[in-house]
Amino acid sequence: MLTTDLSYRTVFISDIHLGMRNAQTGALLDFLKSVETETLYLVGDIVDFWKVRRGPHWPQSHNDVLQKLLRKSRKGTRIVFIPGNHDDGLRDYCGMDFGGIEVRRDAIHETASGRRYLVLHGDEFDVVVRYARWLAFLGDRSYDVALALNIPLNFIRRLLGFDHWSLASFLKLKVKTAVNFIGEFEDALAHEANRRGAEGLICGHIHHANERRIGDIHYLNCGDWVESCTAIGERHDGTFEILRWKDVMAARTALSLASRQLVHAA
C-alpha cells in the first residue's frame, strides 16, 4: 500500500540483519527519518550475529541505524526489542532495558481499538530452527549465494528491458511452498496467538510480508530489510497496513523527475 501520511501509532520492523552485506540500511535510515511513531517494535534479527561471527560487513551506515534508534528512544519513542534467532544471544537479557530500549522475549500489544496482538519473532515455530540448527545455517549460506546471484541476473534483465526480479525470494518461496512451510508456520503461530487469548499476531522471521485472516486470528508479518524493505504500521484508529518502502522511494523519485521536467518545460 502506498501512503503519503507517515504518522503512525505503532510501527513494527524485523529482519534488518545488520552485519550482512545485503542489509538495506540506506532505505531503512530513510524510513526511520521519514516515519513518525509513538511506539516502535523491533521484531527480531536486528543484528545478524551469525554473520558477525563469520566476519562482519559493518560499514558506517550500520552504526547509523543503531544510533538513529537510540536517538528516537531519547526523543520519546517507546522502543521494544524482541530478539530473533540471528540475535538470540540477547534473549539472556529479556526483561532488561538498555538506553531506553526494552528487551522482551515477546509482547502483547494493545491497539488503539483495544484489540490484543501477540508480537514475537517466530523462529520458535520454525521446526528447522528448533530441531535442525545445522540445516538453518546451511539455508542461511544458500540464501547468501542467491542474494549474490541477484546482482548479475538483474544487470542482464535491465539490459533486456525487464524489471527487477529476486532469485533469492523466488527460491525461498518456491522451496518453502513445496513443503507447505509458510502455511504451517503461519498456522502454528495463529494457534499460539489463540491459545494466549490474543486476537492477532505480528511476527517476522520468514522475510515474507503478509496480512491475512487465519480463522479468528489476524496474522501480520513484517517482512524484511534485506530485500523487500517492508514494515507493519498501526494507524491511530487501530487499523494496520503493510508499508512497502521501496514503493514509497520509487514514487518519490518519479515525482521528483516529473517536477524537474515541468520546470524544464516552463
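The values are calculated or read from the model by the stated rules, or taken from the named source; none is laboratory data. Nothing here was measured: the structure is a model prediction, and the numbers come from that model. Cβ: placed from backbone, ideal geometry, glycine included. Neighbour counts: every protein chain shown.
The numbered conditions (1) under 20 Å from Ile108 (Cβ atoms); (2) in contact with a Phe, Trp or Tyr (Cβ under 9 Å, 6 or more places away or on another chain) are all true for Leu243 except (1). One residue alone among Tyr143, Tyr117 is modelled with pLDDT of 95 or more and among the hydroxyl-bearing types (Ser, Thr, Tyr), and that residue is Tyr117. Residue count for the range 28-55 satisfying the condition of being in contact with a strand residue (DSSP E or B) (Cβ under 7 Å, 6 or more places away or on another chain) and either free of Cβ contacts under 8 Å to residues at least 24 places away in the same chain or assigned to a strand (DSSP E or B) (or both): 8. Selection of first residues in the range 225-254 that are crowded, with 18+ Cβ neighbours inside 10 Å and of second residues that are of a type in the set (Asp, Glu) and in a loop (DSSP other than H, G, I, E, B), restricted to Cβ pairs under 8 Å at least 6 apart or on distinct chains, gives the following pairs, ordered by first then second residue: Trp225/Asp15; Val226/Asp15; Thr230/Asp224.
Has the range 180-195 got any residue that is surrounded by fewer than 14 Cβ atoms within 10 Å (Cβ to Cβ), touching a strand residue (DSSP E or B) at 6+ places or on another chain (Cβ under 8 Å) and either over 27 Å from Lys68 (Cα atoms) or at pLDDT below 55 (or both)? Within the range 180-195, none of the residues are surrounded by fewer than 14 Cβ atoms within 10 Å (Cβ to Cβ), touching a strand residue (DSSP E or B) at 6+ places or on another chain (Cβ under 8 Å) and either over 27 Å from Lys68 (Cα atoms) or at pLDDT below 55 (or both). Residues that are outside any helix (DSSP H, G or I) and either within 18 Å of Thr25 (Cβ to Cβ) or within 18 Å of the chain's Cα centre (by Cα) (or both) within the range 56-77 comprise Pro56, His57, Trp58, Pro59, listed in sequence order.
In this structure, is Asp64 more than 18 Å from Gly233 (Cα to Cα), among the acidic types (Asp, Glu) and modelled with pLDDT under 95?
Numbers: more than 18 Å from Gly233 (Cα to Cα): yes; among the acidic types (Asp, Glu): yes; modelled with pLDDT under 95: no.
Spelling it out, it is not the case that Asp64 is more than 18 Å from Gly233 (Cα to Cα), among the acidic types (Asp, Glu) and modelled with pLDDT under 95.
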